[in-house]
1. At a 1.4 Å probe radius, carbon and sulfur cover how many percent of the accessible area of the chain?
2. Please list 78-87, 32-41 highest first by mean number of surrounding beta-carbon atoms within 10 Å per residue.
3. Return the calculated 222 nm mean residue ellipticity for the chain, to the nearest 500 deg cm²/dmol, obtained by summing -39500 (n - 2.57) across DSSP H runs with n ≥ 4 and dividing by the residue count.
4. Given +1 on the Cβ of Lys and Arg, -1 on the Cβ of Asp and Glu, and no further charges, what dipole in debye does segment 79-128 carry about its Cα centre, rounded to the nearest 20?
5. What is the gain in length, in nm to one decimal, between Leu165 and Ser31 on full extension, counting 0.36 nm per residue of separation less the C-alpha to C-alpha distance?
6. Rg over Rh of segment 67-129, using C-alpha atoms and the Kirkwood radius, what does it come to?
7. Using unit Cβ charges (K, R positive; D, E negative) and no other charged atoms, how large, in debye to the nearest 20, is the dipole of the chain about its Cα centre?
8. Report the calculated FRET efficiency for Thr126 and Lys100 (r = Cβ-Cβ distance, R0 = 25 Å), to the nearest 0.05.
Amino acid sequence: MNSRRLTATDAKAYRDLRLEGLQNNPEAFGSSFEEEKDSPIELIAGRLESQSSYTIGVFDQEELVGVATLVQESMLKLKHKAGIFAVYVSPEKRGLGIGKHLMVEVINKAKELEGVEQLNLTVVSTNASAKRLYSSLGFEVFGTEKKALKIGQQYFDEDYMVLFL
């Protein structure tokens, strides 16, 4: 398995994996399958080429099996922070260390960005495996948002986590 920053040429593979994630684990994302299923490839390609975000992908052979996105804040008073978003590994590839590999890659990229001192992320409070992974890398919970997400009539709390670089 190898990893690299995704580019516009990866837009279709990224969209396919993202839609899979939105269907398999809707509670893990702020967005929904219904909102993203008709997104044009050109829009996704543009996001992957953005200078303010970095989406890392892990490939098994030629198949994209995991992703994570790093976004540095752009406002002057917030530029010392970056956020990690849209972390997802295909269910059949979980338990192989791909999530940890992605997170290490994203953390290393954040360390390269000028002025970034801390990384923030949110995780559904009941996602024990993701929380264990993030904690093993030094992230700490600093708060919980009750009813952060609502899917149908079900609510999900989210934990806010931080890693000081």
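The values are calculated or read from the model by the stated rules, or taken from the named source; none is laboratory data. Predicted model, so just to flag it, every value in this text is computed and none were measured. Here the Cβ positions follow ideal geometry from the backbone for every residue, glycine too, while neighbour counts run over all protein chains shown. Surface accessibility is based on the protein's heavy atoms, side chains included, excluding ligands, DNA and RNA. Shrake-Rupley method; radii C 1.70, N 1.55, O 1.52, S 1.80 Å.
1. 50 percent
2. Packing proxy ranking, top to bottom: 78-87, 32-41.
3. My calculation for the chain gives -9000 deg cm²/dmol from helical runs alone.
4. Magnitude of the dipole: close to 80 debye.
5. So the extension gain works out to 45.4 nm.
6. Radius of gyration over Kirkwood radius for segment 67-129 works out to 1.02.
7. The dipole of the chain has a size of about 380 debye.
8. The value I calculate is 0.80.
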